[in-house]
1. Grab the eigenvalues of the alpha-carbon gyration tensor for the chain, scale each by 5, take roots, and send me the semi-axes largest first in whole angstrom.
2. Pairing the Cα long axis of helix 37-49 with the longest principal axis of the chain, what angle in degrees results, from 0 to 90 and rounded to the nearest 10?
3. If one takes the longest principal axis of the Cα atoms in the chain, at what angle in degrees, from 0 to 90 and to the nearest 10, does the Cα axis of helix 18-31 lie?
4. If packing is taken as the average number of other Cβ atoms within 10 Å across a peptide's residues, how do 47-54, 18-25 rank, most packed first?
5. Give me the angle, in degrees from 0 to 90, between the Cα long axis of helix 53-66 and the longest principal axis of the Cα atoms of the chain, rounded to the nearest 10.
Amino acid sequence: MNLDLRKAVLHNVTGNNKEQLQDTIVDAIESGEEKMLPGLGVLFEVIWKNSDEQKKEEILTTLSNGLK
């Protein structure tokens with residue numbers, strides 16, 4: 001079976017409002033389940049692709065600081 005994970009994740013969250021998106025993210029993080037990591041990766045990809053250079057720099061700074 002050929003599963004396109006990106007399409008599946010995007011299909012599941014398309015049309016969600018901000019509260020629903022936050023609930024999805026918080027649930028994925030708090031559950032601690034490794035199977036949720038690819039979905040978070042897809043959401044991060046959406047953030048990255050839709051961010052300007054200033055926002056990308058902020059994201060990188062936040063990541064860098066969080067990994068110290």
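FYI, it's all coordinate maths here, none of it is from the lab. Owing to the predicted nature of the structure, the values given are computational and were not obtained by experimental measurement. Here Cβ is always computed from backbone atoms with ideal geometry, including for glycine, and neighbour counts include all displayed protein chains.
1. On the way: eigenvalues 96, 47, 35 Å².
Each semi-axis is √(5λ); the values are 22, 15, 13 Å.
2. Roughly 50 degrees between the two axes.
3. That works out to roughly 90 degrees.
4. 18-25, 47-54
5. Once rounded, the angle reads 90 degrees.
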